[in-house]
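Asks: Encoded as structure tokens, here's the structure I'll be asking about.
The values are calculated or read from the model by the stated rules, or taken from the named source; none is laboratory data. In this text the structure is predicted, and so the values were computed from the model without any measurement. Neighbour counts run over all protein chains shown; Cβ positions are idealised from the backbone, glycine included.
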Amino acid sequence: MFKFTVASAFLIIGTSMSAQTGSADAGNAELAHMRSEYADVLALQGTAKAEVLAIARLLRANPEIAIDKTKAAGEYCFKSSQGTMVHYASHPESTTEDVVYEFDATQLLVAGLDPQRVAKLPALGKMEPGKWYFLPSGVIDPHHQHVFATPTIAIAVNVK
């Protein structure tokens, strides 16, 4: 019995491409390229695979929430709402800021958060993993050089 997997999908796509181009070599080269490019995804199993597919479905439904800040900050960003963003380091081996979470702090301020007791958001690469930071509204974000419309709290995670 044939079990449909992501790898079998690539094989079908590669075969289809070969038939369309009339060249098995072109299809095989494209399939090899796709296998190489998606090797990390294809190697996933279980919950990790399901999680990547869940994120892929969100991005497919709303591709505008994916923001490429690799040139400016070495990050891919996932803007899930107006005041919530997750940043993923494109080269986590070169930073302790593998993942940075940013949240709108408006409701926390209403609830009594004293921003004077939270460290100011430092420049990119200067965050201490596990430590919370604060950025007031109307201030330039030191990571992406744009003004935040809302007060923001952020925390970095070093996944290594």
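Asks: For segment 109-123, which positions are surrounded by 14 or more Cβ atoms within 10 Å (Cβ to Cβ) and over 25 Å from the mean Cα position of the chain (by Cα)?
Replies: Passing the criteria: 109, 113, 115, 118.
Asks: I've got another one for you. Give the number of residues within segment 78-117 that are outside any helix (DSSP H, G or I) and farther than 21 Å from residue 146 by Cβ.
Replies: Start the filter on segment 78-117 by keeping residues that are outside any helix (DSSP H, G or I), which leaves 78-91, 95-105, 111-114.
Keeping just the survivors that are farther than 21 Å from residue 146 by Cβ gives 91, 96, 98, 111-114.
Number satisfying all stated conditions: 7.
Asks: Among the residues of segment 64-77, write down those that are hydroxyl-bearing (Ser, Thr, Tyr), part of a strand (DSSP E or B) and loosely packed, with under 15 Cβ neighbours inside 10 Å.
Replies: So in segment 64-77, the residues hydroxyl-bearing (Ser, Thr, Tyr) come out as 70, 76.
Keeping just the survivors that are part of a strand (DSSP E or B) gives 76.
Result: no residue meets the conditions.
Asks: Take the conditions farther than 30 Å from residue 129 by Cβ, modelled with pLDDT under 95, assigned to a loop (DSSP other than H, G, I, E, B) and not aromatic (Phe, Trp, Tyr) and apply them to residue 17. Does it pass?
Replies: So residue 17 does not fit the description; no.
Asks: Can you list residue pairs whose Cβ atoms sit under 9 Å apart, with the first residue in segment 46-64 being of a type in the set (Val, Ile, Thr) and the second being surrounded by 12 or more Cβ atoms within 10 Å (Cβ to Cβ)? Count only pairs 6 or more apart in sequence or on different chains.
Replies: 52/41; 52/44; 55/78
Asks: Next question. When both residues are 6+ apart or on different chains and their Cβ atoms are under 8 Å apart, which pairs have a first residue that lies in segment 118-139 and is touching a residue at least 60 places away in the same chain (Cβ under 8 Å) and within 12 Å of residue 98 (Cα to Cα), and a second that is assigned to a loop (DSSP other than H, G, I, E, B) and of a type in the set (Lys, Arg)?
Replies: none
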